[in-house]
1. Hey, fewest Cβ within 10 Å first, where do 36, 294 land in order?
2. Taking neighbour Cβ counts within 10 Å as the exposure measure, how do 352, 66, 289 sort from fewest upward?
3. Can you pull a Stokes-Einstein diffusion coefficient for the stretch 7-155 at 4 °C (1.567 mPa s), Rh from Kirkwood over Cα pairs, as a whole number of µm²/s?
4. Please list, in chain and number order, the residues 5+ apart from residue 227 or on another chain whose amide H is under 5 Å from its amide H, with Hs placed from the backbone.
5. Once you place label points 7 Å from the Cα toward the Cβ at residue 274 and residue 131, how far apart are they in nm?
6. Once you place label points 7 Å from the Cα toward the Cβ at residue 15 and residue 71, how far apart are they in nm?
7. Between residue 23 and residue 221, what length comes free when the chain is fully extended (0.36 nm per residue of separation minus the Cα-Cα distance, one decimal in nm)?
8. For residue 340 and residue 99 in the same chain, what is the full-extension length gain: residue separation times 0.36 nm, less their Cα-Cα distance, in nm?
Amino acid sequence: MIPELNEFSYKEAKRLFLSYKEKGVITSGYFDDKSWSVTDEYANYGLNFDLKNIDCDTFLNTIGITKHEYINYVKTYTIFKFGELAFTTLRDFVGQLKHFIASYDFNKPRFVDDYYYNTCNQISEFFSLIKISDDSIQDNLLRALEDVQDDFRKRAPTHQRTLASFESYFKFNDILSRFWEESTDEDEKLFYFPVYLWWNLSGVLPMRPREFVLTPRNCLKKSGDSWTLTIVKDKLKGSNRKVSYKISTDYERVTYSVPDKFADLISWYLEATKKYSDNKLYTLFIADTHYRKWDRCIPYNSRYFTYHNLCTCLRYFFEQIVSERYGYHIVYDKSLHNLTSNDIEYIYLGDTRHLAMINIVMEGAPPMIASILAGHDNTNMTAFYFSNVAEYVECKARRQYVRTIQGKQTYSISKRYNQPLLAKNYIPLGDNRFCCNPQVAEHDFSYCLNIADDNGYIGSCEKCIYYRNSGTSFKKTEENIRNDLQIQLATLKDIVHEYRMHEKNKEDIEQAVLKLQNAEYSYRRFKMEQMLLENTEKEENEGDD
């Protein structure tokens with residue numbers, strides 16, 4: 001674990017280097033060499049840290065470190081990532097970091113680079129670990145890296161943020177909730193409070209990590225019988241405005257209503273930290289409780305609880321709580337798919353923004369609302385966040401299935417798989433087609449409005465979850481059901497675009513959202529019933545044996 005890149009972590013890195021060399025992972029050379037030769041037994045790799053022919057003097061002078069210090073920082077970060085990241089990823093990180101420091105121009109208001117960056121998470125983490133005297137410089141670097149990712153997604157929509165599996169997000173939620181309920185150590189809870197609040201807040205409101213850490217100290221207010229929460233949003237993202245380097249100008253305050261439970265949580269933190277002095281930016285989080293973990297005083301140049309501090313909290317939560325306390329094995333390589341029940345993939349701060357976007361749309365809110373909450377200037381950028389919806393639904397069904405077999409939920413499975421549908425149990429539609437909606441059996445056709453066609457006429461039964469063909473099985477239509485979910489997402493995106501061009505009405509969007517919800521429900525129900533059926537068949541076979 002690296003709280004920050006400094007002399008202490010540098011010495012520890014040199015010790016780790018010797019350890020990996022003894023194990024044969026590092027095949028030759030010394031820590032201070034310009035490059036390292038490493039192997040994973042399958043192949044040999046070179047990690048080249050040399051800055052020869054790299055024009056980076058202006059960049060390094062601006063952040064206040066020498067070439068020698070920079071190289072040592074990169075080596076330290078890299079060696080600490082051994083065992084977490086594949087050597088191909090580490091090789092890409094070292095090379096892309098060189099390109100970034102040679103290309104970034106502090107004098108330009110916005111950084112644009114067509115270079116292929118696939119290690120933005122690692123580069124962002126690297127800069128968050130360096131103690132830079134001017135916090136605004138560090139913030140601008142992190143903002144630039146977010147711009148790089150956003151620009152790349154616009155050019156190549158198939159390259160989305162690499163998320164962990166949704167099962168890992170559900171696990172993390174359960175672990176974090178359990179920790180918060182079980183911990184009786186106030187100092188421990190104060191240290192991890194930013195992580196707890198980040199997960200619960202930015203998983204609902206799509207916030208960037210820097211927006212989150214800039215939440216004002218006086219964010220909570222009572223308005224009548226309800227509470228409101230004020231956060232800050234970056235006004236520069238998605239715009240061509242010049243950076244003023246002033247929070248009051250580059251960010252705007254936005255207020256939302258919040259439930260009492262949420263207000264109680266923040267009130268607890270405010271009360272527990274009122275004995276500490278406010279930081280210079282008057283933000284919510286107190287740095288004193290953060291540095292107390294290492295029995296350290298706040299650094300003299302600390303102005304507020306930073307992105308760097310939040311990254312540290314998250315890393316320590318995974319290491320000390322998720323792994324050491326609850327016994328989970330942390331997986332850092334997101335290309336691995338055969339995860340066990342004891343595995344959990346590492347989660348990055350930017351992931352919750354993606355999850356919040358998916359949740360907003362799957363709960364039925366129009367994409368324009370998602371765009372506004374996310375701070376996008378158009379819905380085309382918002383649409384890129386929806387590529388993982390099918391996996392999200394599958395995981396949601398799997399979680400419901402597990403709770404069902406554990407007796408925490410009840411669910412009734414139909415018997416339509418193994419026998420043809422009988423007309424007496426369904427409403428005949430003609431041509432061996434049937435409707436199994438009990439409302440329709442009682443002459444209530446209100447649900448049918450949800451799947452009306454583009455002209456507002458009901459009768460598009462093929463798209464309905466209650467539609468069946470005689471003698472066919474729901475089990476055979478997984479590809480069609482999954483495809484329909486993707487089709488409804490694409491349709492919704494097109495309708496929103498046409499609405500913005502004044503070619504569609506608000507009602508068209510509402511109808512598209514209903515169809516999307518219908519497709520989501522159908523696919524989730526299918527996955528749920530499929531798992532229950534497989535479990536039933538397995539138990540029957542075991543009984544026969």
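What follows draws every value from the coordinates through simple rules; no lab data is involved. It should be emphasised that the depicted structure is a prediction, and the values quoted were computed from it without experimental measurement. Cβ placement follows ideal geometry from the backbone for every residue including glycine, while neighbour counts extend to all protein chains displayed.
1. Working: 36 25, 294 7.
Lowest count first: 294, 36.
2. On the way: 352 25, 66 11, 289 22.
If I rank by nearby Cβ atoms, fewest first, I get 66, 289, 352.
3. Working: Rh = 16.2 Å.
Translational diffusion coefficient: 80 µm²/s.
4. Those qualifying (amide H under 5 Å, at least 5 residues apart or on another chain) are 258.
5. 3.3
6. With each label placed 7 Å out from Cα toward Cβ, I get 2.5 nm.
7. Working: separation 198, 0.36 × 198 = 71.28 nm, distance 5.74 nm.
Extra length available between residue 23 and residue 221 comes to 65.5 nm.
8. Values: separation 241, 0.36 × 241 = 86.76 nm, distance 3.73 nm.
Full extension of this stretch gives 83.0 nm more.
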